[in-house]
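No value in this document is a laboratory result; all are computed from the given coordinates. Since this is a predicted model, take the numbers as computed values, not measurements. Using ideal geometry, Cβ is built from the backbone for each residue, glycine included, and neighbour counts are taken over all protein chains shown.
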């Protein structure tokens, strides 16, 4: 169960609040230790401008909300930052490294993972199989190594152990062998978040994490989001 972080006094929450204490609460304000910086990012679809971001910085260790009505371009902006789409103009960096033109799977390996407004669980695979897919650099993915089990079985055991730990943390361990398609909408959100953590990311981008989730699971998701920060993620 994630820790109750609604009260003040948690180390990383206090650190983030102290770092941002002197920052003006206005869009585009400079942050003391940004993990992500974007400048002049624009995406057009024909005559429609879907994204037009002049400047934005995401403070390391903070929970940052991107707020806007439906159709404001939030998901499109996520797609641009994570390599699922390309902008017409603009640059952005993660940990000082430019990410423009980098494929989405490489962005994930660098430490940025994201979830989707419409969950991407593979419904005809089990929950555990979905979790295994989230792990990066699996030796068994190579055809020739796959023919020699000794080269990947040890790593597979480590992946399974991490997956089981995350499923227990998100209260999905009892569903491990169920098909992902049998989960409720809220449980799929939890599965997607858990799967994203298989790569041990630095920055977790959640797209509409509470959409379509019942009140009980909403509180659970909020607790997990706060718990991520306490474990060193942004």
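What the Kirkwood sum gives for the chain is a hydrodynamic radius of 19.1 Å, with every pair of different alpha carbons counted.
So what is the 222 nm mean residue ellipticity for the chain from helices alone, if each DSSP H run of at least 4 adds -39500 (n - 2.57) and you divide by all residues, rounding to the nearest 500 deg cm²/dmol?
On the way: 8 runs with 81 residues, N = 234.
Dividing the helical sum by the residues of the chain leaves -10000 deg cm²/dmol.
Of the residues 197, 206, 122, the one that moves most in a GNM of the chain with alpha-carbon contacts below 10 Å is 122. Relative to the longest principal axis of the Cα atoms of the chain, the long axis of helix 153-169 lies at roughly 60 degrees.
Structure remark: mean-square fluctuation, Gaussian network model of the chain, C-alpha springs under 10 Å; the largest value among 214, 70, 130 belongs to 70. Among 65, 176, 194, which one moves the most in a GNM of the chain with springs linking Cα atoms closer than 10 Å? Evaluated over the chain, the most mobile residue of the options is 65. Apply 1/(1 + (r/R0)^6) to the Cβ-Cβ distance of residue 125 and residue 21, taking R0 = 41 Å, and write down the FRET efficiency to the nearest 0.05. So, using R0 = 41 Å, E works out to roughly 0.35. Angle check, please: helix 215-230 long axis (alpha carbons) against the longest principal axis of the chain (alpha carbons), in degrees 0 to 90, nearest 10. Rounded to the nearest ten degrees, it is 80.
Where q = 0.13, 0.16, 0.19, 0.22 Å⁻¹, what log10 of I(q)/I(0) comes from the Debye formula for region 1-135, counting one point per Cα? Reported log10 I(q)/I(0), two decimals: -0.71, -1.02, -1.25, -1.37.
Only Cα pairs under 8 Å and at least 6 apart count here; give the relative contact order of region 11-230 as a rounded whole percent.
On the way: 321 pairs, mean separation 44.6, N = 220.
Relative contact order for region 11-230 comes out at 20 percent.
Between helix 185-196 and the chain, what is the angle of the helix's C-alpha long axis to the longest principal axis, kept within 0 to 90° and rounded to the nearest 10? Helix 185-196 sits at roughly 90 degrees to that axis.
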